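Trainee: Here it is: the structure, laid out below.
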Amino acid sequence: MKNTATSTTRTAQRRIVWTLSAAQVFSGPGAGSTLALGSILAVDLSGSEAWAGSVNTALTLGTAATAIPLSQLALARGRRVALTAGLAAAIAGTAAMVAAVITGLFPVLLGGAFLVGLASTVNLQARFAVTDLADPSRRGRDLSMVVWAITLGAVAGPNMVGPGAVLARWLGIPAQAGPFVISVAGMVIGAAIIALFLRPDPLLTRRALDGHGSEPAPRGRNPWRAGWQIMREHATARAAVTAVAAAHAVMLAVMSMSPLHMQHHAGRSAAHP
């Protein structure tokens with residue numbers, strides 16, 4: 001019986017790995033497109049380069065603010081519901097960014113970017129989801145498969161600018177809205193893949209295997225307070241959070257200003273051939 005259960009779990013895990021990997025390939029371009037075009041759109045719609053980093057800031061805040069709520073939803077309803085809900089919100093955010101480009105409304109752009117941040121939350125939490133049922137000897141490999149798939153999607157996002165412009169002309173909308181239309185389609189496909197094929201739910205199955213049944217996880221203490229307490233008590237945790245925060249600050253600064261710098265360079269080259 002134990003061998004049969006192990007074989008069933010391994011079969012389910014293979015399905016989970018491929019499902020999450022495929023979903024991330026399609027949903028990843030949304031955040032990539034936002035990072036690539038965010039600073040340019042922020043300047044265009046706000047009329048000031050002082051707001052160049054605002055869209056990527058909103059994107060990052062959306063990811064940070066929704067990480068714990070989405071985790072709590074996963075504990076209560078399972079990974080499938082949480083990840084699908086996160087992508088649904090990101091789809092709405094990407095659609096809002098399309099609307100912002102068409103209408104020229106800067107606040108709508110920021111609100112859309114905040115919701116797109118949930119796509120990044122989903123991408124990050126997919127890494128936890130793929131380890132729920134993973135065999136300890138293959139956990140690293142399964143995790144790397146999903147990270148690799150997320151990278152494919154993130155790299156594809158900035159390269160949607162050209163095809164997006166072609167699609168925008170066909171739709172009769174501004175060229176800068178085109179990449180986000182493609183991103184919406186990709187997120188819809190990613191959400192559908194998770195909703196239809198992330199079965200059995202990895203987290204609920206793990207809880208059942210551990211003898212906790214399928215009941216929602218009991219509510220513990222405030223997760224924000226618990227996190228701060230861990231940081232206060234453990235120097236290693238403080239160092240890790242500080243290092244990650246510093247690395248992301250540098251990354252976002254470079255990713256925010258590079259598109260704007262390239263646009264300026266292209267403008268100067270056009271003016272002085």
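The values are calculated or read from the model by the stated rules, or taken from the named source; none is laboratory data. Predicted model only: the values in this text are computed from it and were never measured. Methodologically, a virtual Cβ is constructed for each residue, glycine included, from the backbone with ideal geometry; neighbour enumeration extends over all protein chains shown. For accessibility, only protein heavy atoms count, side chains too; no ligands or nucleic acids. Shrake-Rupley method; radii C 1.70, N 1.55, O 1.52, S 1.80 Å.
Trainee: Take residues that are at pLDDT 80 or above and open to solvent by less than 50 Å² (accessible area, probe 1.4 Å) and tell me which of the helices (runs of 4 or more DSSP H) falling wholly in segment 147-257 contain 3 or more. Walk me through it before giving the result.
Mentor: Working: elements: 161-171, 178-197, 202-209, 223-233.
Where helices (runs of 4 or more DSSP H) fall fully within segment 147-257 and carry at least 3 residues being at pLDDT 80 or above and open to solvent by less than 50 Å² (accessible area, probe 1.4 Å), they are 161-171, 178-197, 202-209.
For every residue, the table says whether it meets (1) within 15 Å of THR121 (Cα to Cα); (2) surrounded by 21 or more Cβ atoms within 10 Å (Cβ to Cβ); (3) in contact with a Gly (Cβ under 9 Å, 6 or more places away or on another chain); (4) at pLDDT 95 or above.
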{"site": "GLN72", "(1), (2), (3), (4)": "yes, no, no, no"}
{"site": "ARG80", "(1), (2), (3), (4)": "yes, yes, no, yes"}
{"site": "GLY86", "(1), (2), (3), (4)": "yes, yes, no, yes"}
{"site": "VAL98", "(1), (2), (3), (4)": "no, yes, yes, no"}
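Trainee: Go through segment 19-65 and count every residue that is under 16 Å from VAL181 (Cβ atoms), out of contact with any Gly (no Cβ under 7 Å at 6 or more places or on another chain) and hydrophobic (A, V, I, L, M, F, W, C).
Mentor: Final tally of qualifying residues: 2.
Trainee: OK, next. I'd like the full set of residues that are open to solvent by 40 Å² or more (accessible area, probe 1.4 Å) and β-branched (Val, Ile, Thr), limited to segment 14-57.
Mentor: Hits for segment 14-57 are VAL25, THR57.
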